[in-house]
Structures are given as C-alpha cells and as structure tokens.
Amino acid sequence: MAVVAKLETEYVSVQGAETMTGRSRWSWRRDAYEGKIASVKLGAKLLIPIVEIRRVIAENTRPAVK
C-alpha cells in the first residue's frame with residue numbers, strides 16, 4: 001500500500017493535470033506522446049509526473065510588470 005500512496009502523490013492522470021492547470025487533457029496527451037513531457041503509461045492510463053507539471057508552469061510563467 002505504501003507504494004500506491006507514493007505513486008498517487010508523484011503522478012496525476014491527464015484529467016488531474018487538466019484540473020490543476022486549465023490546460024486540456026488532449027494537450028497533455030499530445031505533449032506526452034510527442035516526448036515533450038515525461039509520462040508513464042500503465043495500461044490505458046497515462047500519468048504525468050507532478051514535477052513535469054511544475055516545470056511546464058515555471059517555463060510559462062511571465063514576470064510581473066511592476
């Protein structure tokens with residue numbers, strides 16, 4: 001059970017990534033299949049590492065004007 005709990009805290013589904021960022025699940029899927037972001041495929045489920053979501057957010061953060 002500890003492994004499952006750890007997995008749930010390190011990865012989210014594409015639907016979870018969509019909820020966290022507002023970016024469509026299809027964009028997350030496309031980027032994963034094109035190799036632009038790291039991902040894990042388990043059966044029919046595609047998981048995105050939380051660190052990848054944070055990286056995408058950091059790379060797209062604009063600085064404040066003032």
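Readers should treat all values here as calculations from the given coordinates under stated rules, not as data from a laboratory. Every value quoted in this text rests on a predicted model; they were computed, and no experiment measured them. Please note: Cβ atoms are built from the backbone with ideal geometry, for glycine as well, and neighbour counts cover all protein chains shown.
Sequence-distant or interchain residues sharing an amide H contact under 5 Å with I37, placed H: which?
Under 5 Å from the amide H of I37 lie the amide H atoms of A32, each far enough along the sequence or on another chain.
Please list, in chain and number order, the residues 5+ apart from L46 or on another chain whose amide H is under 5 Å from its amide H, with Hs placed from the backbone.
Amide H neighbours of L46, under 5 Å, 5+ apart: V14.
Calculate one ³J(HN,Hα) per residue across the stretch 17-30 by plugging θ = phi - 60° into the Karplus curve 6.51 cos²θ - 1.76 cosθ + 1.60, and present them in order as whole Hz with x for glycine and proline.
Listing the rounded values in order: 5, 4, 5, 5, 10, x, 8, 4, 4, 5, 5, 4, 4, 4 Hz.
Mind listing the phi-derived Karplus ³J(HN,Hα) values for the stretch 39-51, rounded to whole Hz, using 6.51, -1.76 and 1.60 with θ = phi - 60°, and x for any glycine or proline?
Per residue, the Karplus-derived 3J(HN,Hα) values read 7, 10, 9, 10, x, 8, 8, 10, 10, 10, x, 4, 4 Hz.
At each listed q (0.27 Å⁻¹), what is the log10 of I(q)/I(0) that the Debye formula gives for the chain modelled as equal alpha-carbon point scatterers?
-1.25
Once fully extended, how much extra length lies between R25 and R54, figured as 0.36 nm per residue of separation less the alpha-carbon to alpha-carbon distance?
Details: separation 29, 0.36 × 29 = 10.44 nm, distance 1.58 nm.
Contour length minus Cα-Cα distance gives 8.9 nm.
Rank-order 11-17, 37-43 by packing density, defined as the average count of other C-beta atoms within 10 Å over each peptide's residues, highest first.
11-17, 37-43
In sequence order, what are the phi-derived ³J(HN,Hα) couplings for the stretch 60-66 according to the Karplus relation 6.51 cos²θ - 1.76 cosθ + 1.60 with θ = phi - 60°, rounded to whole Hz, with x for glycine and proline?
Once θ is set to phi - 60°, the couplings for the stretch 60-66 become 10, 7, 9, x, 5, 6, 10 Hz.
Which cross-chain or sequence-distant (5 or more) residues have an amide H under 5 Å from the amide H of Y11, H modelled 1.01 Å from N in plane?
I50
Evaluate the relative contact order of the chain (contact order divided by residue number), counting alpha-carbon pairs under 8 angstrom at least 6 apart; express in whole percent.
32
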